[in-house]
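Engineer: Here it is: the structure, laid out below.
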Amino acid sequence: VQLQASGGGLVQAGGSLRLSCSSSGSTISDYDMGWYRQYPGKQRDLVATISRYGAINYDDSVKGRFTISRDNAKNTVYLQLSSLKPEDTAVYYCNTLSEYYTASSSWGQGTQVTVSS
């Protein structure tokens with residue numbers, strides 16, 4: 001599945017952004033989906049998941065501030081980022097998830113989120 005994340009940018013601490021994840025050749029509603037973020041020189045960390053049935057989970061670091069959702073009609077998964085902190089600065093990626101909730105597609109282009117203090 002080829003995926004592309006978009007919607008990143010520069011925002012002040014406390015601000016909000018909405019990231020989008022879309023696929024041009026596959027139906028995202030067929031998959032469990034996850035949003036990851038990657039700090040420079042670090043591995044990608046899973047921060048939010050949404051199953052094909054709508055079950056949602058968050059990493060503790062973003063719980064209460066980030067909201068994952070999906071619009072199957074638009075073949076898109078979203079990540080609403082709110083109450084942003086400088087430590088949320090990272091490149092954000094989306095991916096399909098295996099039954100073990102590991103990334104199961106090739107990594108597409110991420111989107112940079114930069115939060116200024």
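The values are calculated or read from the model by the stated rules, or taken from the named source; none is laboratory data. Since this is a predicted model, take the numbers as computed values, not measurements. All Cβ positions, even for glycine, are placed from backbone atoms using ideal geometry, and neighbour counts span all protein chains on display. For the accessible areas, the whole protein counts, side chains as well, though only heavy atoms, and no ligand, DNA or RNA atoms are used. Shrake-Rupley method; radii C 1.70, N 1.55, O 1.52, S 1.80 Å.
Engineer: Tell me which residues, restricted to the range 66-88, are open to solvent by less than 40 Å² (accessible area, probe 1.4 Å) and over 26 Å from T27 (Cβ atoms). Don't jump to the end; show me each part of the working.
Structural biologist: Filtering the range 66-88 for residues open to solvent by less than 40 Å² (accessible area, probe 1.4 Å) gives 66, 68, 75-79, 81-82, 84, 88.
Correct list: S82, L84, D88.
Engineer: Among V91, V115, which is β-branched (V, I, T), modelled with pLDDT of 95 or more, in contact with a helix residue (DSSP H, G or I) (Cβ under 7 Å, 6 or more places away or on another chain) and surrounded by 18 or more Cβ atoms within 10 Å (Cβ to Cβ)?
Structural biologist: V115
Engineer: Now, a different point. In the range 23-35, what count of residues is obtained for those that are open to solvent by less than 60 Å² (accessible area, probe 1.4 Å) and more than 11 Å from the chain's Cα centre (by Cα)? Give the derivation first.
Structural biologist: The first filter runs over the range 23-35 and keeps only residues open to solvent by less than 60 Å² (accessible area, probe 1.4 Å), leaving 23, 26, 28-29, 32-35.
Going one step further and asking which of them are more than 11 Å from the chain's Cα centre (by Cα), we end up with 23, 26, 28-29, 32.
Number satisfying all stated conditions: 5.
Engineer: Report whether or not R37 is within 13 Å of Y78 (Cβ to Cβ) and at pLDDT 95 or above.
Structural biologist: Judged against the criteria, R37 is not a match.
Engineer: Turning to a different aspect of this structure: Filter the range 36-65 down to the residues that are hydrophobic (A, V, I, L, M, F, W, C) and either open to solvent by less than 60 Å² (accessible area, probe 1.4 Å) or within 12 Å of the chain's Cα centre (by Cα) (or both) and list them by number.
Structural biologist: L46, V47, A48, I50, A55, V62
Engineer: Let me ask something else about it. Look at A13 and say whether it is small (G, A, S), open to solvent by 30 Å² or more (accessible area, probe 1.4 Å), closer than 20 Å to S116 by Cα and modelled with pLDDT of 95 or more.
Structural biologist: Judged against the criteria, A13 is a match.
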